[in-house]
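Accompanying notes for the structure given below.
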Amino acid sequence: MLDLSRLRALHAVSVHGSVAGAATALGYTASAVSQQITKLERETRTTLLERRGRGVALTEEALHLAATAQQLLAIVERAETSLEERRGLPTGRLSIGAFPSAARGLLPGVLAELERRHPDLDARLSEVDPHLSVDLVAKGVIDLAVAHDWDIAPLPAPEGVAQAVIGDDRCDLLVPEGHALMGRTAVRREELARERWVCQPPGTVCHDWLVRTLRAAGYEPDIRHQAEENHTQLALVAAGLGVAMIPRLGRGPLPPGVAAVRLDPVPVRRLYALWRSGAARRPAITAAVTALEEHGAAVLIA
């Protein structure tokens, strides 16, 4: 008899591509995930992971077993949903993934509200890249995701994944103290051709949006500095090393030496809650989406 928790660990490794990534998603230590895989190898008398440089790769047998595990986990989810629906109350574990600024600016209030309203619900948060969140929901790695898209890059929602709009997060141009644009009521994108930019690294949604937006305005952005964290970008702007476009959600108060200028038109990213269609009747999903919509209306101020 195969152990479901070990199959879940293998499935997570197949989705995230590493033991460390699987551990983060499952809320375990990397050592615990490795132990689960080792036990599963003994149970199946099959090699499931192979060393590849500093990482690991799944064998053909492991890939086949991970695909079967995904089907089994989907059956278990349907059974859990049915039981929870019969009780009529949000219960059990609910795994939520959110991109960093939503995890900072939106989810603390949502999680606190869920804990207060539904003490039998075990909601757990992990930070995930918005590029990955849809796939993680579709594959059953997480139950619910908070993701975003931009006006020029809509978020794809594959078959089997439902979504609800949480709200719109507006973005400002942030400039250092004394900058020529400081104090303007509004700035058009075409006026930014000669600016030096601070932004996130390539491959992130915000970086791709900045490059595509400014190219559409007729010029190639001069990106001087790249940083993942908004607070690091703000520090670089405060030092006079460039300008940045940073959304308001989770940004916090601007540090000394940084001023916000409104862009015209205002860049907007839309926030979504995503979950598997098969779990739509689950009271925990309904409760979490309701809390996200309520708190989104409060924190996403125009």
Show the residue pairs meeting these rules: Cβ distance below 8 Å; 6+ apart or different chains; first residue within the stretch 119-131 and more than 20 Å from L271 (Cα to Cα); second residue in a loop (DSSP other than H, G, I, E, B) and open to solvent by less than 30 Å² (accessible area, probe 1.4 Å). D120/P90; D120/T91; L121/P90; L121/T91
Considering every residue within the stretch 22-34, establish whether at least one is among the polar types (S, T, N, Q), farther than 29 Å from L125 by Cβ and outside any helix (DSSP H, G or I). no
Within the stretch 68-81, identify whether any single residue is outside any helix (DSSP H, G or I) and in contact with a His (Cβ under 8 Å, 6 or more places away or on another chain), and answer yes or no. no
Neighbours by Cβ (under 6 Å, 6+ apart or cross-chain): first from the stretch 1-29, under 17 Å from A74 (Cβ atoms); second buried (at least 21 other Cβ atoms within 10 Å of the Cβ) and among the aromatic types (F, W, Y): none
The residue that is nearest to the chain's Cα centre (by Cα), considering only those in the stretch 162-183 that are among the acidic types (D, E) and surrounded by fewer than 19 Cβ atoms within 10 Å (Cβ to Cβ), is D168
I need the full set of residues from the stretch 184-211 which are part of a loop (DSSP other than H, G, I, E, B), free of Cβ contacts under 8 Å to residues at least 40 places away in the same chain and open to solvent by less than 40 Å² (accessible area, probe 1.4 Å), in order please. Q200, P201
Hey, does the stretch 44-60 have a residue that's open to solvent by 40 Å² or more (accessible area, probe 1.4 Å), over 30 Å from R116 (Cβ atoms), assigned to a helix (DSSP H, G or I) and in contact with a helix residue (DSSP H, G or I) (Cβ under 8 Å, 6 or more places away or on another chain)? no
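The values are calculated or read from the model by the stated rules, or taken from the named source; none is laboratory data. Remember, predicted model here, so these are calculated numbers, not experimental data. Note that we place each Cβ from the backbone using ideal geometry, even for glycine, and neighbour counts take in every protein chain shown. When the accessible area is computed, the model is the full protein with side chains, heavy atoms only, and any ligands, DNA or RNA have been set aside. Shrake-Rupley method; radii C 1.70, N 1.55, O 1.52, S 1.80 Å.
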